[in-house]
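**Student:** Just passing along the structure, written as structure tokens.
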Amino acid sequence: MISVVILGAGNVATHLYKTFNKTDDIRVNQWFSRKISSIKSYKNEVDITDDLTQLKEADLYFIAVSDDAISNLSSKLPFENRLVVHTSGTVNIHDLDKKNRRGVFYPLQTFSKDASLDFANVPICIEAIDRSDRKILKSLAQAIGSNSHKVNTEQRKALHLAAVFVNNFTNQMYRIAHEITEAEGVEFDILKPLILETAKKIQSLSPYMAQTGPAKRNDKKTIHKHLELLKNEQHKAIYELMTASIQKTQGVATRPTPNSKKNN
Ligand SMILES: NC(=O)c1ccc[n+]([C@@H]2O[C@H](COP(=O)([O-])OP(=O)(O)OC[C@H]3O[C@@H](n4cnc5c(N)ncnc54)[C@H](OP(=O)(O)O)[C@@H]3O)[C@@H](O)[C@H]2O)c1
């Protein structure tokens with residue numbers, strides 16, 4: 001049995017609490033939030049507190065707060081030599097106060113408080129200063145049904161950066177597509193099978209091989225028509241940038257436009 005204390009009450013902290021709480025091998029000793037109102041609804045299931053001086057003893061402390069607050073919160077913990085981990089993709093392990101044993105338990109998934117999530121679909125990127133602590137983090141990931149991956153800080157940062165492209169930027173593309181369809185009164189839902197197929201296809205093909213469309217084919221007239229249709233200047237700039245990026249990746253030979261010739 002591994003005992004834990006969770007600090008923070010946002011998306012990740014809430015999902016960690018829920019999954020730990022239903023796992024036999026893990027006991028949540030306490031849940032801390034600087035705003036007690038955020039976790040009040042759990043008070044009959046778990047000990048809650050907004051007072052760092054009242055933190056209970058546990059094998060492991062999870063700091064699941066905003067990236068910028070991790071370092072400061074870790075330095076305020078009123079104990080030493082215990083295992084303290086954060087859940088960020090980018091914050092350095094050394095940003096945790098060195099009075100405690102330090103680790104990272106980065107769940108590479110998108111968490112929203114109200115969207116349910118199966119931790120079997122959450123790869124956990126693990127880092128720890130001590131090998132024995134890494135083993136504890138590995139068994140914890142195993143206990144919640146997640147695969148864990150030992151990574152170093154640079155690899156974790158690269159994964160987080162890549163995650164911004166595959167998740168946040170892709171989602172913004174959905175949003176732009178939504179605005180484009182809405183403007184013509186056509187349902188965004190008609191695009192949903194394409195969205196699913198795009199994600200499904202790269203399970204068996206590389207992103208390079210899976211690419212299709214006017215940029216890869218270098219269908220100049222279609223590209224021109226699309227640019228004419230786009231009224232939003234920012235969307236137009238994104239279209240041009242993405243088209244250029246695809247063509248560079250795919251080795252499409254493009255003739256310079258009169259403007260770019262002048263600039264050269
Ligand atoms: N969301 C994701 O998809 C995701 C995925 C992987 C990793 N992560 C990482 O997980 C961590 C938490 O992210 P999240 O999405 O759960 O954030 P979130 O939903 O925005 O919640 C942030 C939490 O941090 C607390 N907090 C902020 N500043 C604080 C301070 N100075 N002292 C104490 N508590 C403070 C907030 O408390 P108040 O409510 O009182 O402001 C809130 O409970 C971050 O390191 C993030 O990089 C997030």
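The values are calculated or read from the model by the stated rules, or taken from the named source; none is laboratory data. The structure presented is a predicted model; accordingly, all values stated were derived computationally and were not measured. Neighbour counts run over all protein chains shown; Cβ positions are idealised from the backbone, glycine included. Surface areas here come from the heavy atoms of the whole protein model, side chains and all, with no ligands, DNA or RNA. Shrake-Rupley method; radii C 1.70, N 1.55, O 1.52, S 1.80 Å.
**Student:** Among the lysines, select those whose C-alpha is under 21 Å from the C-alpha of Lys43, and discard any that sit fewer than 8 residues away in the same chain.
**Tutor:** Partners within reach: Lys18, Lys22, Lys35, Lys56, Lys113.
**Student:** Please compute the alpha carbon radius of gyration of the stretch 2-151, then divide it by the globular-protein estimate 2.2 N^0.38 Å. Two decimals is fine.
**Tutor:** 0.94
**Student:** I need the Debye-formula profile for the chain: one equal scatterer per C-alpha, no solvent, reported as log10 I(q)/I(0) at q = 0.09, 0.12, 0.16 1/Å, two decimals.
**Tutor:** Those come out to -0.56, -0.84, -1.15, one per q.
**Student:** Scan around Ile129 for amide H atoms under 5 Å from its own, H built in the peptide plane at 1.01 Å from N, and keep only partners 5 or more places away or cross-chain.
**Tutor:** Counting only residues 5 or more places away or on other chains, the set is Arg102.
**Student:** Return one number: the angle in degrees, 0 to 90 and rounded to the nearest 10, between the long axis of the Cα atoms of helix 153-163 and the longest principal axis of the Cα atoms of the chain.
**Tutor:** Orientation of helix 153-163: about 50 degrees from the principal axis.
**Student:** Could you look at the chain and say what percent of its accessible area is carbon and sulfur, using a 1.4 Å probe and all protein chains?
**Tutor:** Carbon with sulfur: 51 percent of the solvent-accessible area.
**Student:** Give me the angle, in degrees from 0 to 90, between the Cα long axis of helix 192-201 and the longest principal axis of the Cα atoms of the chain, rounded to the nearest 10.
**Tutor:** Taking the Cα atoms of the chain, the angle to 192-201 is about 80 degrees.
**Student:** Test of the criteria: in the stretch 176-258, which GluC sites (Glu not before Pro) are in a DSSP loop and have at most 14 other Cβ atoms within 10 angstrom of their Cβ?
**Tutor:** Glu184, Glu187
**Student:** Percent of Cα-Cα pairs per 10 Å bin, from 0 to the last occupied bin, for the stretch 122-217, please list those.
**Tutor:** Bins of 10 Å from zero give 13, 28, 29, 19, 10, 2 percent of pairs.
**Student:** While we're here: So what J values fall out for the stretch 214-225 if you push phi through Karplus, 6.51 cos²θ - 1.76 cosθ + 1.60 with θ = phi - 60°, rounded to Hz, Gly and Pro as x?
**Tutor:** Each residue's phi maps through the Karplus curve to give x, 5, 5, 6, 6, 7, 4, 5, 5, 4, 4, 5 Hz.
**Student:** Within 10 Å of each candidate Cβ there may be at most 16 other Cβ atoms; applying that plus a DSSP loop requirement, which trypsin sites (Lys or Arg not before Pro) in the stretch 44-136 survive?
**Tutor:** Lys56, Lys76, Arg82, Lys98, Lys99, Lys113
**Student:** To the nearest 20 debye, what charge dipole does the stretch 145-264 have about its Cα centre, counting +1 at the Cβ of each Lys and Arg and -1 at the Cβ of each Asp and Glu?
**Tutor:** With only Lys, Arg, Asp and Glu charged at Cβ, the dipole is about 640 debye.
**Student:** Using the Cα centre as the reference, give the magnitude of the dipole from point charges on the C-beta atoms of the stretch 1-76 (Lys, Arg: +1; Asp, Glu: -1; all else neutral), rounded to the nearest 20 debye.
**Tutor:** Using Cβ point charges on Lys, Arg, Asp and Glu, the stretch 1-76 gives about 260 debye.
**Student:** Rank Tyr208, Tyr174 by accessible area, highest first, at a 1.4 Å probe radius?
**Tutor:** Tyr208, Tyr174
**Student:** Follow-up question, since we're still on this one. Would you work out which of Ile39, Val28, Asn81 lies farthest towards the positive end of the dipole of the chain, given +1 charges on the beta-carbon of Lys and Arg and -1 on that of Asp and Glu, about the Cα centre?
**Tutor:** Asn81
**Student:** Still on this model: Work from the charge dipole of the stretch 156-260 (Cβ charges, +1 for Lys and Arg, -1 for Asp and Glu, about the Cα centre) and give the residue of Ile238, Met209, Leu194 farthest towards its positive end.
**Tutor:** My answer, from the dipole projection, is Met209.
**Student:** On a 0 to 90 degree scale, rounded to 10, what angle separates helix 11-21 from the longest Cα axis of the chain?
**Tutor:** Helix 11-21 sits at roughly 50 degrees to that axis.
**Student:** Work out the length of the dipole vector of the chain about its Cα centre, built from +1 on the beta-carbon of each Lys and Arg and -1 on the beta-carbon of each Asp and Glu, and round it to the nearest 20 debye.
**Tutor:** 920
**Student:** Modelling each spin label as a point 7 Å along the Cα-to-Cβ direction, I'd like the Glu184/Ile238 distance in nm, to one decimal.
**Tutor:** Each label point lies 7 Å from its Cα, and together they span 1.7 nm.
**Student:** What ranking of Leu55, Leu117, Leu229 comes out by heavy-atom accessible area, probe 1.4 Å, highest first?
**Tutor:** Heavy-atom accessible area, descending, gives Leu229, Leu117, Leu55.
**Student:** Grab every C-alpha pair in the stretch 156-260, bin the distances at 10 angstrom width from 0 up to the longest one, and report whole percents.
**Tutor:** Spelled out per bin, shortest first, that is 12, 38, 38, 11, 0.
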